[in-house]
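Okay, structure first, notes after.
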Amino acid sequence: DAPVLELRNVTKTYTVKQGMFGEPKPLTAINDVSLKLGRGEVLGLVGESGCGKSTLAKVLLGLEAPSSGEVLVDGERLDGQDRRKLARRIQPIFQDPYSSLNPRKSIADIVSLPLRVHKVGDAASRDRAVREILDIVGLPARVMNTYPSQMSGGQRQRVAIARALIMKPEIVICDEPTSALDVSVQSQILNLLGDLRQEFGLTYLFISHNLAVVEHLATRVAVMYLGRIVEEASVGELFDTPRHPYSVALLSSVLTPEPGRGVPDTQLGAVFPNPIDPPSGCHFHPRCARAMPHCAQVAPRPLPTPEGHVECHLYDDSRGRAVA
Ligand code: SF4
Ligand code: MG
């Protein structure tokens, strides 16, 4: 079975200026990333703000073209012109329903927009489709004639989910879909996304800075740091046996230590580095509690693990270090 969605050696580089008189410099937002999403899978993509995860979402949505490498949908290579085709199969749900919903449009207009853009059905069938999808996401039909400002944060996120699902996509890219919501509302939305996945056989890429949120939904987790996937594992493997010191640090910042979970041995110190000027060798070395002298010189390569891979010299036999 071909993955529904695949990135092969994707790199995305931007040219950015620092300050008004700064020299333009290259910023590698995604650095040679390969990822596969199987049908029905939920891949959690986790990392701090600025690590490249939103850029990765844009590349997957066809909103940004990779500088090199390729994006494949059902094993087929995507070209720039395939954007429309892609939109029918891959839909986004963004973080902030306050800013992603047009305040001047009624809920009916907002939810039916993808159908109108892609010229699907007539007015009557679009109206039926809106009622149906609102019911599926747990909103009454009477909200159709209301406006985003009349709704709560959780209701707005349900509207954003309805808008994404009305095209009957196979893949949904969720970029921090619950980060702007209260904790109690967050779990309702996560439960809804889980139910929808079951009901419609959806495949999710679920982007979050919060590992605890990802644990709830994901089947696999990819941990991103300065444009690299530094560890990929099943959700069970990552939470039970995190290997990369960055994964360990992320876990220790979200979990209160529990028996049997292992005691985190790293805390995230030092600030997130400037992606324009990434640290030499292993990009994580200035913050790594287990850094060794060669970590600042040599970039680690991906090493296979039972259910994924890790990029860290601690696991590299050829360097004669401890192997866990
Ligand atoms: Fe830490 Fe070295 Fe592993 Fe990088 S390669 S995460 S610096 S131990
Ligand atoms: Mg982001």
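The values are calculated or read from the model by the stated rules, or taken from the named source; none is laboratory data. Given the structure is predicted, the values throughout are model-derived calculations rather than measurements. Positions of Cβ are generated from backbone atoms using ideal geometry, with glycine treated the same way; all protein chains shown enter the neighbour counts.
Mind checking which residues of the stretch 156-193 are part of a loop (DSSP other than H, G, I, E, B) and of a type outside the set (Val, Ile, Thr)?
Of everything in the stretch 156-193, those that are part of a loop (DSSP other than H, G, I, E, B) and of a type outside the set (Val, Ile, Thr) turn out to be 167, 168, 169, 170, 176, 177, 179, 180, 181, 182.
Name, by its number, the condition in (1) touching a Phe, Trp or Tyr at 6+ places or on another chain (Cβ under 9 Å); (2) without any contact (Cβ under 8 Å) to a residue 60 or more places away in the chain; (3) more than 28 Å from residue 276 (Cβ to Cβ) that does not hold for residue 184.
Tallying (1) touching a Phe, Trp or Tyr at 6+ places or on another chain (Cβ under 9 Å); (2) without any contact (Cβ under 8 Å) to a residue 60 or more places away in the chain; (3) more than 28 Å from residue 276 (Cβ to Cβ), residue 184 fails exactly one: (1).
Kindly indicate which of 106, 49 is in contact (Cβ under 8 Å) with a residue 40 or more places away in the chain and closer than 30 Å to residue 235 by Cβ.
49
Yes or no, residue by residue, for (1) modelled with pLDDT of 95 or more; (2) assigned to a loop (DSSP other than H, G, I, E, B); (3) closer than 23 Å to residue 272 by Cα; (4) not hydroxyl-bearing (Ser, Thr, Tyr):
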{"residue": "2", "(1), (2), (3), (4)": "no, yes, no, yes"}
{"residue": "11", "(1), (2), (3), (4)": "yes, no, yes, no"}
{"residue": "16", "(1), (2), (3), (4)": "no, no, yes, yes"}
{"residue": "26", "(1), (2), (3), (4)": "no, no, yes, yes"}
{"residue": "33", "(1), (2), (3), (4)": "yes, no, yes, yes"}
{"residue": "44", "(1), (2), (3), (4)": "yes, no, yes, yes"}
{"residue": "62", "(1), (2), (3), (4)": "no, yes, no, yes"}
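Consider residue 71 carefully, then state whether it is within 30 Å of residue 31 (Cα to Cα) and within 16 Å of ligand 2 (Cβ to nearest atom).
Criteria not met by residue 71.
Return only the number of the condition from (1) away from ligand 2 (no atom under 16 Å from the Cβ); (2) closer than 30 Å to residue 248 by Cα; (3) part of a helix (DSSP H, G or I) that residue 204 does not satisfy.
Residue 204 satisfies all of (1) away from ligand 2 (no atom under 16 Å from the Cβ); (2) closer than 30 Å to residue 248 by Cα; (3) part of a helix (DSSP H, G or I) except (3).
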